[in-house]
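Worksheet for the structure shown next.
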Amino acid sequence: MNVFKQLYTSIYSPKTISTFRFQGIGKTILYVFILSLLSTIPTGYHFSTGLSEGIKGFDQTLQNELPDFIIEDGLLSADTEKPIEIKVDDFIIILDESGAFGVEEIEAKQNAIGILSDRFVFSANGQAQSYEYSLLNMSITKQDLTEITSQFNQLLPIVLTILFVVMYLFGELS
């Protein structure tokens, strides 16, 4: 029986699935690989659309709604008097020069990016990652960050392809 016919038959006939044990090992391994590929496609699609929409939303917000800022000598300098909190769909972007926000507050927002006075915080599903500006050893402006996101946006198809292959391989190993 053809491997694709086996996939179709396995949806509705447990008795036919039991006869698959009599076929060769190569066909069985191919069946498992194709089944893993089919199970990886929805996860890869959801992940890639979420990542690309998030990057696109961050880029638009960065260009249109955030004031000019510069990160120099490990500290943020911005043209604001109070923290700016912008909500884009289910994502929040915070620019805070004053130090009112901390890592815990960004983590509590669930899905947020915090450009804080001394660190960059990225929170996804309540898990926060924090990076201090002092690790950069250079200055970054709003325009530099805009260029970086546009370059990453151009590399996104390659990055997503690599991530999809990695997800497929980990699906095979589990």
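Structural remarks
- Segment 96-107 - phi-based ³J(HN,Hα) in whole Hz, Karplus 6.51/-1.76/1.60, Gly and Pro as x: 9, 8, 7, x, 5, 9, x, 4, 5, 5, 5, 5
- Against the chain, whose longest principal axis is taken from its Cα atoms, helix 25-64 shows a tilt of about 20°.
- Loop sites in segment 1-105: GluC sites (Glu not before Pro), DSSP, at most 11 other Cβ within 10 Å: Glu81
- Paramagnetic reach from Val3 in segment 27-44 [backbone N under 12 Å; point 7 Å along Cα→Cβ]: 27-38
- Top of Gln23, Gln143, Gln151 by mean-square fluctuation, Gaussian network on the chain, Cα under 10 Å: Gln23
- Over the C-alpha trace of the chain, radius of gyration and Dmax come out as 23.1, 74 angstrom.
- Here the spin labels are modelled as points 7 Å beyond Cα on the Cα-Cβ line, and at Ser150 and Ser18 they lie 6.4 nm apart.
- Accessible surface ranking for Leu35, Leu76, 1.4 angstrom probe, highest first: Leu35, Leu76.
- Each Cα pair under 8 Å and six or more residues apart adds its sequence gap; the mean of these over the residue count of segment 70-139 is a relative contact order of 31 percent.
- Estimated at the nearest 10 Å², the accessible area of Thr19 is 70 Å² with a 1.4 Å probe.
- Neighbour cut-off at most 11 other Cβ (10 Å), DSSP loop, chymotrypsin sites (Phe, Trp or Tyr not before Pro), segment 24-58: none
- The heavy atoms of Ile55 offer some 30 square angstrom of accessible surface to a 1.4 angstrom probe.
- In terms of its C-alpha gyration tensor, segment 125-174 has an oblate overall shape, because the principal axis ratio a/c (a ≥ b ≥ c, square roots of the eigenvalues) is not below 1.5 and a/b does not outweigh b/c.
- Within straight-line cross-link reach of Lys87, aspartates and glutamates at Cα separation under 12 Å, skipping those fewer than 8 residues along the same chain: Glu65
- Converting phi to 3J(HN,Hα) with the Karplus coefficients 6.51, -1.76 and 1.60 and the offset θ = phi - 60°, segment 162-171 yields 5, 5, 5, 5, 5, 4, 5, 5, 5, x Hz in sequence order, with x at every glycine or proline.
- The residues of segment 78-143 expose on average 59 square angstrom of accessible surface per residue, using a 1.4 Å probe on protein heavy atoms.
- Take every DSSP beta bridge whose two residues both sit in segment 52-174; close to 85 percent of them are antiparallel.
The values are calculated or read from the model by the stated rules, or taken from the named source; none is laboratory data. Predicted model only: the values in this text are computed from it and were never measured. In this analysis, Cβ positions are derived from the backbone assuming ideal geometry, glycine residues included, and neighbour counts consider all displayed protein chains. Surface accessibility is based on the protein's heavy atoms, side chains included, excluding ligands, DNA and RNA. Shrake-Rupley method; radii C 1.70, N 1.55, O 1.52, S 1.80 Å.
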